[in-house]
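Following: one structure in structure tokens, then a few remarks.
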Amino acid sequence: MECHLKTGRTHQIRVHLSYIGYPVEGDPLYSGRKYDTLYKNGQLLVAVGLRLIHPSSNKEMEFKIDLPDYFEEVISHLK
């Protein structure tokens, strides 16, 4: 799933996905489960991109990363 946030509110994705019945895998706070089935070391949630306006220069800045290895492992397992 890909989400595009409009604000930087803490837990925004986690709360909204849980509310509609699709909690983030491995999320102990909002999933309602004390365990996960896909990844035992935490949530399957990562920001791979960030775009912002620099507060001093007013220039748009964009940062991107590849998916972490553990994400790729889970995706490979699901295929």
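The values are calculated or read from the model by the stated rules, or taken from the named source; none is laboratory data. What you see is a predicted model; the values in this text were computed from it and never measured. Backbone-built Cβ (ideal geometry, glycine too); neighbour counts: all protein chains shown. Quick note on the areas: whole protein, heavy atoms, side chains included, nothing else; ligands and nucleic acids left out. Shrake-Rupley method; radii C 1.70, N 1.55, O 1.52, S 1.80 Å.
Of the residues making up the stretch 7-33, those that are in a loop (DSSP other than H, G, I, E, B), open to solvent by less than 60 Å² (accessible area, probe 1.4 Å) and among the charged types (D, E, K, R) are GLU25, ASP27. I'd like the full set of residues that are open to solvent by less than 100 Å² (accessible area, probe 1.4 Å), in contact (Cβ under 8 Å) with a residue 12 or more places away in the chain and either among the hydrophobic types (A, V, I, L, M, F, W, C) or in a loop (DSSP other than H, G, I, E, B) (or both), limited to the stretch 66-79. LEU67, PRO68, PHE71, VAL74 - these are the residues of the stretch 66-79 that are open to solvent by less than 100 Å² (accessible area, probe 1.4 Å), in contact (Cβ under 8 Å) with a residue 12 or more places away in the chain and either among the hydrophobic types (A, V, I, L, M, F, W, C) or in a loop (DSSP other than H, G, I, E, B) (or both).
Does LEU44 satisfy the condition of being without any contact (Cβ under 8 Å) to a residue 60 or more places away in the chain and assigned to a loop (DSSP other than H, G, I, E, B)?
Against the criterion (without any contact (Cβ under 8 Å) to a residue 60 or more places away in the chain and assigned to a loop (DSSP other than H, G, I, E, B)), LEU44 qualifies.
Within the stretch 10-68, the set of residues being in contact with a Pro (Cβ under 9 Å, 6 or more places away or on another chain), at pLDDT 90 or above and small (Gly, Ala, Ser) is empty.
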